[in-house]
Amino acid sequence: MPFINRILIIVLLNSVCAFFAHADTFTVSEIKLEGLQRLPDGTLLNYLPIAVGDPIDDDQVTYAVSELYKTGFFADVRFFRENDTLIVRVKERPSIANVEFSGNSDIDDDALKDALLDIGVTRGQIYNRSLLEKLTLELERVYFSQGKYGVKLTTEVTELDQNRVDINITISEGQVALIKHINIVGNDVYDDDILLDELQSGVPSSLAVFSSIDDYSKPKLNADLETIRSYYLDRGYIRFNIESTQVSITPNKQDIYITINVVEGDRYKISSSDLTGEMVVNRQTMKSQIMTRQGMYFSRSLMTASKKRLENQMGRIGYAFSEVKISPVIDDEKKKVALTYHVIPGEKVYVRRINIFGNDSTQDQVFRREMRLMEGSILASDLLERSKIRIQRLPYVETVNIDTVPVPGSNNQVDLTVSLEEKLAGSFNIGAGFSQTQGLLFNVGLTQENLFGTGKRLSLNVNTDRANTIYSAAYTNPYYTLDGISRTVSASYRQRDAAEQDINNFQTDSGDVNVSYGVPLSEFNTVSLGYGYSQINITPSTINPSLDVTKFLVSHDGQSLYRSLTINASFSHDTRNRTVFASTGTQHTIGVNMTIPGSDLEYYKATFITNNYFPVTSATTMLLRGNLAYGGGYGNTSELPFFERYFAGGIRTVRGYDSNSLGPRDPLTGLPIGGNMRVTGGADYIFPIPFIEKPPTSVRLSAFVDVGNVFLDNFNTFDAPLGTNGFQADQLRSSYGLSLVWISPIGPLRFSYAKTINSVPGDRLRSFQFSIGSFF
């Protein structure tokens, strides 16, 4: 007989004998409980199979003791008799006060506690030695799944008052077991190299010093097995199967060898793709959503995508819970598969209520006006997604999630729960900084993106550096009218010393007042119209004046003060998912800004800006960008005024070249004079900070390629042959490098390191560039 069973019998006999020594059968008139500390009396009485009025004998007492032990609450149970009173004396097992971890770094405390919670180990749980063993085995399983087979656990139980214990677990995590070889057996169509290239796991090359591809973990292996399965199923091998997987570990628990046994099977083509069921959308429209065509090789991913497209098509008109069932019929003899998409639209679903949570600082209406669904409207899936994107684009929203909650007792109604996490919408800054291009900076600013929780924007700023002193104010009402027309009123005053920017030698005092309106044409298209007044006073340098400036003043009879009325118009197409650090979508803007006829200076400036974001992985994005600008004079002004010219070079245009250094230069001073045409562009591969589990959302890293220059009509660009005026493609400068942008509390901070590709002698180069505390 096993030892533990013997002990249990002895305990039971002891409990029974304590009660029945020289006792006869009797009827219980009262039950007294002794020894309870945490458990309420009712809990023990609920488990006790004896009640007042019951006649009891030795068999019943034995059974009752056994039942109380089985609860796991008690370390000792004894029964006594006092006349006709039954006395139940117990000793409770201790409860767990807390479970503490030390020594763990790769897996945090929360993840370990969640694992213990899955097996029922939590605060307040009754403690016993078997529970401790169960706890240890579960923690080892968690670490083994992460490839840490050398993990060592030491547990210490500390007794506390009130019959409680603390469990302290010291963890020596050890090193992750490394994959030394992956062998795929049974593959004839695709060789090992092709399949292994698809996997997250593998053996790194000798040059991949920081690679973690050889770190073993069970979840990563399972994902790799699914990758192999998908690779075959997307190429027609519908009978493909992974028969077994063997993972072998060396005795020192450091090296892993993996063998994957597969059966490829034959390749199948699609014989037909039929559509059945109730058609709530035009049949031809629904057929166009099916991507699997007759004669194609079978593809599970295309089949799944077709199912999703069909459901989305019905979802757009309110069938939010529609379903598409796929029935494949496989003909093994002909190596064909017939697909049938059976459509079940269900009922049209309506929105009953929209509930918004998490908006502690913002009025409900600010978010409701961004919703493209209303209470009482049909639940259109595309409008639901667009509502989420519109709220996410607001500068004072960190995250947003919209859940559809079915209304109890209704098959066709849902409530929308909008859960928000707001971020800091306003700031008051007094600070200083330094920029390579602007020197010592001082700024005082008040910016509120969400004024009094209304969604309106107000900014007041004073910025100074060695070249500029700027005072500016702007106020934007994004819903100036109920139908979404925005209005911005702005004013600014600027004192500028261009020589301090290493460009033309002159000084200006300028000011302007502008009013602009944004008119939404659709969800993605906006037209902006505006007007304003500006004036500028020009003072040429008395020491070594620029020929360009002198020529301009002479042509205008020495006039130095110029006043203008301005108008501007632009068209923007914007599908980005965010306005800051977008990861998908496009932005195209074309605009014109000009002075009206009769102004002291008559000129225009036209721009075209394009940014295209393509997600590469869930965490990385490719950005392709371009910026074209051109300006000129009309009427009584023959060319674009020199103080309105474009410049290039530096951290915001073509990195690796000194700021404002590209383009034509003054023949006397050698300083850049800018141009009336600017062409810049490039590509950025954007990725999060490596080696951090949850990278901050306010920081962005990118590898980039820049290209660009400025050009001036009737003037040759630096290093271009004399007589070659205007745009010259061979004069475009380019560079490549790495960049970091941090949206900090004091404003955007930018750092870049770049190497030039086609610089020429005389170009002003600067590999490392930064701007801290600058205005953008």
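The values are calculated or read from the model by the stated rules, or taken from the named source; none is laboratory data. Quick caveat, the model's predicted, so the values are computed rather than measured. Heads up, the Cβs are rebuilt from the backbone with ideal geometry, glycines too, and the neighbour counts pull from every protein chain shown. Quick note on the areas: whole protein, heavy atoms, side chains included, nothing else; ligands and nucleic acids left out. Shrake-Rupley method; radii C 1.70, N 1.55, O 1.52, S 1.80 Å.
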Residue by residue through the stretch 702-712, what is 3J(HN,Hα) from phi via Karplus (6.51 cos²θ - 1.76 cosθ + 1.60, θ = phi - 60°)? Round to whole Hz and write x for glycine and proline. 7, 9, 9, 10, 10, 8, x, 5, 10, 9, 10
Measuring from its Cα centre, the chain shows a charge dipole (+1 at each Lys and Arg Cβ, -1 at each Asp and Glu Cβ) which, in debye to the nearest 20, is 2040
Rounded to the nearest 0.05, what FRET efficiency do Glu100 and Ala75 give with R0 = 25 Å and r taken as the Cβ-Cβ distance? Could you check? 0.55
Can you list the HN-Hα couplings for the stretch 751-765, worked out from phi with the Karplus curve (6.51, -1.76, 1.60; θ = phi - 60°), rounded to whole Hz and with x for Gly and Pro? 9, 8, 10, 9, 10, 6, 9, 9, 5, 10, x, x, 5, 8, 10
Find which of Tyr517, Leu45, Ser145 sits farthest along the positive direction of the dipole of the chain, computed with +1 on the beta-carbon of Lys and Arg, -1 on that of Asp and Glu, about the Cα centre. Tyr517
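Find the relative contact order for the stretch 232-282 and round it to a whole percent, using C-alpha pairs within less than 8 Å whose residues are 6+ positions apart.
Details: 57 pairs, mean separation 19.4, N = 51.
Averaging sequence separation for qualifying contacts and normalising by length gives 38 percent for the stretch 232-282.
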Extension gain (nm, one decimal) between Arg316 and Arg235, 0.36 nm per residue minus Cα-Cα: 26.0 nm
Ignoring ligands, DNA and RNA, what percent of the accessible area of the chain is carbon or sulfur (1.4 Å)? 54
Three semi-axes of the equivalent ellipsoid, the stretch 259-402, Cα gyration tensor, whole Å, largest first: 40, 20, 11
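Using Cα pairs under 8 angstrom and six or more residues apart, how large is the relative contact order of the stretch 552-667, in percent?
On the way: 210 pairs, mean separation 20.1, N = 116.
Relative contact order comes out at 17 percent.
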Listed here are the pairs Lys423/Lys694; Lys152/Lys220; Lys148/Lys253; Lys70/Lys134; which of them are more than 20 Å apart at the Cα? Lys152/Lys220
Near Lys287, which lysines are there with a Cα under 28 Å away, not counting those fewer than 8 places off in the same chain? Lys269, Lys307, Lys308, Lys325, Lys334, Lys335, Lys336, Lys348
Could you provide, to the nearest whole Å², the per residue accessible area of the chain with probe 1.4 Å? 51
For the stretch 19-93 the translational diffusion coefficient, Stokes-Einstein from a Kirkwood Rh over Cα pairs at 10 °C and viscosity 1.306 mPa s, in µm²/s, is roughly 127
Stretch gain in nm, segment Arg372-Thr27, where the contour uses 0.36 nm per residue and the Cα spacing is subtracted: 116.8 nm
Using each residue's phi in the stretch 479-486, evaluate 6.51 cos²θ - 1.76 cosθ + 1.60 at θ = phi - 60° and report the 3J(HN,Hα) Karplus result to the nearest Hz, with x for Gly and Pro. 10, 4, 10, 5, 8, x, 6, 9
For the stretch 575-731, the fraction of alpha-carbon pairs in successive 5 Å shells from zero, as %: 2, 8, 15, 17, 16, 13, 11, 8, 6, 3, 1, 0, 0
